[in-house]
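Chemist: Input: one structure, supplied below.
The values are calculated or read from the model by the stated rules, or taken from the named source; none is laboratory data. None of the values given here were measured: they were computed from a predicted structure. No Cβ is skipped: glycine too gets one built from the backbone with ideal geometry, and neighbour counts run over all protein chains shown. Heads up: the accessible areas ignore ligands, DNA and RNA and are worked out on the full protein's heavy atoms, side chains in. Shrake-Rupley method; radii C 1.70, N 1.55, O 1.52, S 1.80 Å.
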Amino acid sequence: MNFNQFALSKFENYVKRNDKYLDIRKKLRSAHIFKSYEEYVSYAILFSLVVAIIGLIIGILIGIIVVARIHLPTLVFTDQGVADFFNIFSPYKKYTTVAIISGTFFLMLGGMVYSAFMMYPSFQSSIRKVKIDTMLPHALMYMYSLSRGETNIVQIIKAVTEFPNIYGEVSNEFAMALRDMELLGIDFMQALRNLQKETPSQNLNEFLGNLITIIDNGGDVTDFFSVQIENYRVRKRSEHTLFLDLLGMIAECYVTGFIAGPLFLIIVGVTLGSMKSSMTWLLMGMTYVVIPLGSVAFIFLIDAILPKDEQEVGALKLHKVKEFSGIRTRNIENEQEKNSEKMLFEKYEESKKKIKLENILKDPLRTFFEEPSLSLYVSIPIALLVIMIPIFLNWKIFFRGYVVASEYITNYILIGVLIAIVPYIIFFETRHRKLWKVENSMPQFLKHLSIVNETGLSLAESLRVMLRTERGALRSYIERMYTDIAWGASTIDAFTRFANKIRVSSLSRVVALITKASETSGDIRQVLEIASTDTNMNIQLRKDKSINMLIYVIIIYITFLVFIYIIYTLTSTFLPQMAKAAGQAGGTMFIKNFSLEFNRVYFYHTALIQGFFSGIMAGVLGEGDYRSGFKHSIIMMSVAFILFRLFV
């Protein structure tokens, strides 16, 4: 019996008797967590109890340490009744303290874990809602292109489910309706109604409601899709403005709370820290814990609200012919021959992997430019070696205090970070700019393709005509597509290979749209025009976002430079004077806790950490991708390094 089964056996009846848990059932379905609500809640209760018991044990240990090391003061009450009540526990003061601390840990950890389990389905539903709303207009365009070829609505829904890597959660939602029809025997209309009830997206809910009404009344589905596409365009423009306002508010909160705020606390902390050593721990906690965790939280927050259609996607499927089609085969009855054939196929698969590896080794730079993340498999181990070797060679230095150890290892860590991410930045930014040029060329490419196709030429002939005039970023890809077709590949396969070569979501959607439209209808001019308009609008919205967010990227840079300047001023002028005063005072006055070397090292670390996370935040705000922030991080960290190594 595993943990899930044990939890269900112990708490299933309790969960069923409590109606408050019935609401979890709908949330689980909306979040696509495929568990019964009884199983999920039972697991949550048992897991929370286990964590609470662990918290109880930790609380007992902490309580024992507290009562052993800290003198517990006597409580004084003005009310005699309260005093008499607490006087009962005075002989057991230590045991009472341990009980209070352990009980607090028990309730706090258990309650936090239980609350997290109860909130997780709603959180997951919210994430799915954003993804559905982002992909729904693109899925509608695809459905519209199929409906123009007289494809029935059931087949249209099924076609959307075939591209989960392009249409994301919309495909997953329609797959649930398809499951109801094919596996549970529910009729199509009832499956749509079930999906309408369970989807977390209000937009999809309204779309399904209108679609059901159109089908019931015998309306034209193609016209309905066309109207919906235009409605979503208008809605997307208005929502984009609200999104930019929200993003700007988050950016202002980050700048205030995690750049300007720490600067104020540092100034106050340095002054008070000379009088009270406990301020040192508060400052270190802010630099090494609060700034990193707070920045990561903001990055996750922005990522949760960002449209998810700007990400790279997986490969599209090629249309493959059946194996050995038209070739007579014989049945192999001999077991030895069967094993021999199996070994041959295994060798064939191994040979393909070996050839792929050999190609990577022959030209690793080309591989890294196509897959920038692969460079991390090389750069990170080298970076770790650069950091670890000095540690092993001089490990005793880490027992000589914070200042000495930090002076020794900080620059090695900085060099390691540079080795790890600078190559990745080069490969990523090169590919990113290349893809941006391709995406910018797509609207014009689709418009030209539509004009040429209007003359009655096939897609293959349209590509040949476009080769005469195309001089942009897409020329080499168009030439490759036409070459594939000339060598016998189908038009659909040529376009699919084109999309798989680049692997960006906008292009994959366009290719899926073109290939399906060409399969169902020879006249794809209107589909191409709609795709061109939609792609152009998405590009314009992204440019508008970049322009609007550029001001916040500049603000982050300016604020960081101000941060660096004030720290430099403190380190070069104010702190030496305090150190001089501390020396003259002989350590007897209020500045007896002051240490110039400690503050210099602490400020240096604060500047590096602030620069790293501020850079990533600048990338998230400016370009919608934390990976784009690495270049900003390197710039800011380099400024901090130069300032502290050359001028401080």
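Chemist: Distance in nm between label sites at D245 and T569, each 7 Å beyond Cα in the beta-carbon direction?
Modeler: It works out to 3.7 nm between the two label points.
Chemist: Would you mind checking the pairs K236/K434; K129/K501; K131/K158 and listing those with alpha carbons more than 24 angstrom apart? List each step's numbers first, then the result.
Modeler: Details: K236/K434 27 Å; K129/K501 30 Å; K131/K158 19 Å.
Beyond 24 Å between Cα atoms: K236/K434; K129/K501.
Chemist: Another one. With r defined as the distance between the Cβ atoms of L365 and K543 and R0 fixed at 25 Å, what FRET efficiency is calculated, to the nearest 0.05? Numbers along the way, then the final one.
Modeler: Numbers: r = 31 Å, r/R0 = 1.22.
FRET efficiency, L365 to K543: 0.25.
Chemist: Turning to a different aspect of this structure: Mind checking which helices in the chain clear 30 Å along their axis (Cα) and have mean Kyte-Doolittle hydropathy of -0.5 or more, DSSP H runs only? Walk me through the numbers before you get to the answer.
Modeler: Details: long enough: 37-69 (47 Å, 2.02); 93-147 (78 Å, 0.54); 221-255 (49 Å, 0.13); 335-362 (40 Å, -1.57); 402-454 (75 Å, 0.48); 525-569 (65 Å, 0.76); 596-623 (40 Å, 0.65).
Within the chain the helices that satisfy the rule are 37-69, 93-147, 221-255, 402-454, 525-569, 596-623.
Chemist: Taking N as the number of residues in the range 395-544, what is its Cα Rg relative to 2.2 N^0.38 Å? Numbers along the way, then the final one.
Modeler: Numbers: Rg = 23.7 Å, N = 150, 2.2 N^0.38 = 14.8 Å.
Output field value: 1.60.
Chemist: Sum -39500 (n - 2.57) across every DSSP H segment of at least 4 residues in the chain, then divide by the residue count to get the 222 nm mean residue ellipticity, nearest 500. Write down the numbers at each step before the final one.
Modeler: On the way: 25 runs with 500 residues, N = 648.
It lands at -26500 deg cm²/dmol.
Chemist: Could you check the simple spin-label distance between E162 and T410, using points 7 Å along Cα→Cβ, in nm with one decimal?
Modeler: Distance between the two pseudo-spin positions: 6.0 nm.
Chemist: By how many nm would the segment from L183 to V403 lengthen if fully extended, with 0.36 nm per residue of separation less the alpha-carbon distance? Don't skip to the end; give the middle numbers.
Modeler: On the way: separation 220, 0.36 × 220 = 79.20 nm, distance 6.70 nm.
Gain in length upon complete extension: 72.5 nm.
Chemist: While we're looking at this one, here's another question. As an exercise, use a Förster radius of 51 Å and the Cβ-Cβ distance of Q155 and T256 to find the FRET efficiency, rounded to the nearest 0.05.
Modeler: On the way: r = 54 Å, r/R0 = 1.05.
Calculated transfer efficiency: 0.40.
Chemist: Let me ask something else. If you count only protein heavy atoms and use a 1.4 Å probe, how large is the accessible surface of Y348, to the nearest 10 Å²?
Modeler: 130
Chemist: Also, quick follow-up: If you place +1 on the Cβ of every Lys and Arg and -1 on the Cβ of every Asp and Glu, how big does the dipole about the Cα centre of the chain come out, in debye to the nearest 20?
Modeler: Numbers: 67 positive and 57 negative charges, 341 e Å.
So the dipole magnitude of the chain works out to roughly 1640 debye.
Chemist: Which part of the range 115-135 falls in the paramagnetic zone of N205, meaning amide N under 13 Å from the point 7 Å along Cα-to-beta-carbon?
Modeler: Answer for the range 115-135: 126, 129.
Chemist: What is the extension gain from I305 to K352, computed as 0.36 nm multiplied by their sequence separation minus the C-alpha to C-alpha distance, in nm to one decimal?
Modeler: On the way: separation 47, 0.36 × 47 = 16.92 nm, distance 4.10 nm.
Full extension of this stretch gives 12.8 nm more.
Chemist: Can you tell me which of 542-549, 352-359 comes out highest on packing, and rank the rest after it, using the mean Cβ neighbours within 10 Å?
Modeler: Numbers: 542-549: 16.1, 352-359: 10.2.
The peptides rank, most packed first, as 542-549, 352-359.
Chemist: For the pair Q5/E529, report the inter-label distance in nm, with labels modelled 7 Å from Cα in the Cβ direction.
Modeler: Going by the 7 Å Cα→Cβ label model, 6.3 nm.
Chemist: Another question, if that's okay. Amide H of V504: which non-local residues (sequence gap of 5 or more, or other chain) have their own amide H closer than 5 Å, using H built in the peptide plane?
Modeler: V313
Chemist: For W487, W436, W281, write out the residues from largest to smallest accessible area, computed with a 1.4 angstrom probe and no ligands counted.
Modeler: Working: W487 215, W436 75, W281 185 Å².
Ranked from most to least accessible, the order is W487, W281, W436.
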